[in-house]
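A short worksheet on the structure shown next.
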Amino acid sequence: MKLSTVIRIRSAKKIIYDSNIWISFLYEDDSNFEKAKELFDYPKPDVLTDYVVLEVSTVLKKKAGEGLAKHFLDNVLANDIEVLLSNECYHESVKLFIRK
């Protein structure tokens, strides 16, 4: 995993973590789990893109099962983390994912 995938949006002073960091952090059997944990000791990300949310959910479901994927989605929905939307299909995609 390239730890350089942490992106700072300078103008808005927001922090975004790419999918691979979220997956490594949430999936304890991932080979980069410890490195990802270290990143979360720093200022936490406060924004995600819809594609990252959907990719992380899909990969977690495949690797660890539906429970961990839903746990991630529930936390994204319940917390004050901003999700940047690329289109309006995001909300429908999340609803479908949770229902399955």
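Rule-based calculations on the coordinates, nothing more; no lab input. Computed from a predicted structure; not experimentally measured. No Cβ is skipped: glycine too gets one built from the backbone with ideal geometry, and neighbour counts run over all protein chains shown.
Only DSSP H runs of four or more residues enter the estimate; each adds -39500 (n - 2.57), and after division by the residues of the chain the mean residue ellipticity at 222 nm equals -16500 deg cm²/dmol.
Packing order of peptides 91-97, 63-69, 21-27, highest average first: 21-27, 63-69, 91-97 (average count of other Cβ atoms within 10 Å over each peptide's residues). Between residue 28 and residue 62, the contour length at 0.36 nm per residue exceeds the Cα-Cα span by 10.8 nm.
Here the contact order of the chain, divided by its residue count and restricted to Cα pairs under 8 Å and six or more residues apart, works out to 23 percent.
In the structure shown, the pairs 14/37; 37/63; 35/70; 61/95 are assessed against 21 Å; a Cα-Cα span above that value is assigned to 35/70. Springs between alpha-carbon pairs under 10 angstrom, Gaussian network model over the chain: which of 82, 55, 38 fluctuates most? Looking only at 82, 55, 38, the biggest GNM fluctuation is shown by 38. Distance between the 7 Å Cα→Cβ label points at residue 44 and residue 86: 2.6 nm.
Share of pairwise Cα-Cα distances greater than 21 Å in the stretch 3-99 is 30 percent (whole percent).
Backbone amide hydrogens, once placed in the peptide plane, bring residue 84 within less than 5 Å of 48, 49, 50, excluding anything fewer than 5 places away on its chain. Model label sites at residue 78 and residue 14, defined 7 Å from Cα along the beta-carbon direction, differ in position by 2.3 nm.
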